[in-house]
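**Student:** Would you mind keeping the following structure in view while I ask a few things?
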Amino acid sequence: MQTEKVHLTEEKETMLLALYSRAMESPSKDPLLDPKLELVTELQPREGYGYDRLPGSLRALLRVMGLFPSLRKLNRLLRYQF
């Protein structure tokens with residue numbers, strides 16, 4: 001199976017960047033996909049199951065990433081329900 005290259009136009013790239021930026025903001029009452037979705041839980045990596053079993057280097061990386069707001073938000077796990 002051969003993969004194709006994706007060519008983004010400037011307009012599509014701008015829209016994707018806007019969507020990504022909006023998704024990176026803190027969870028709100030109005031989710032991106034469906035207004036019926038309701039945020040149930042938000043877990044940070046340290047709160048997740050098995051964090052203590054991760055290798056020390058990965059835990060150190062997660063601690064460093066936690067110092068930067070944009071990187072901190074990348075690692076969270078959001079659980080929504082209808």
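**Student:** Would you mind finding the one in Pro35, Pro45, Pro27 that is within 13 Å of Leu78 (Cα to Cα) and modelled with pLDDT under 75?
**Tutor:** So the residue among Pro35, Pro45, Pro27 that is within 13 Å of Leu78 (Cα to Cα) and modelled with pLDDT under 75 is Pro27.
**Student:** Specify the residue that is farthest from the chain's Cα centre (by Cα); the eligible residues are those in the stretch 42-82 that are polar (S, T, N, Q) and farther than 21 Å from Ser21 by Cα.
**Tutor:** It comes out as Ser57.
**Student:** Go through the stretch 60-82 and give me each residue that's part of a loop (DSSP other than H, G, I, E, B) and surrounded by 11 or more Cβ atoms within 10 Å (Cβ to Cβ).
**Tutor:** Of all residues in the stretch 60-82, those part of a loop (DSSP other than H, G, I, E, B) come to 66-68, 75-76, 82.
Passing the criteria: Gly66, Asn75, Arg76.
**Student:** Please state which of the following conditions Val40 fails to meet, knowing it meets all the rest: (1) in a helix (DSSP H, G or I); (2) in contact (Cβ under 8 Å) with a residue 24 or more places away in the chain; (3) exposed (fewer than 14 other Cβ atoms within 10 Å of the Cβ).
**Tutor:** With respect to (1) in a helix (DSSP H, G or I); (2) in contact (Cβ under 8 Å) with a residue 24 or more places away in the chain; (3) exposed (fewer than 14 other Cβ atoms within 10 Å of the Cβ), Val40 is out only on (1).
**Student:** Can you confirm whether Val40 is touching a strand residue (DSSP E or B) at 6+ places or on another chain (Cβ under 9 Å) and modelled with pLDDT of 75 or more?
**Tutor:** Details: touching a strand residue (DSSP E or B) at 6+ places or on another chain (Cβ under 9 Å): yes; modelled with pLDDT of 75 or more: yes.
Yes; evaluated as a whole, the condition is true for this residue.
**Student:** Could you tell me which numbered condition Asp52 fails, if it satisfies all but one of (1) at pLDDT below 85; (2) exposed (fewer than 11 other Cβ atoms within 10 Å of the Cβ)?
**Tutor:** Result: Asp52 fails condition (1) only.
The values are calculated or read from the model by the stated rules, or taken from the named source; none is laboratory data. Every value quoted in this text rests on a predicted model; they were computed, and no experiment measured them. Every residue, glycine as well, gets a Cβ built from its backbone with ideal geometry; the counts of neighbours run over all protein chains shown.
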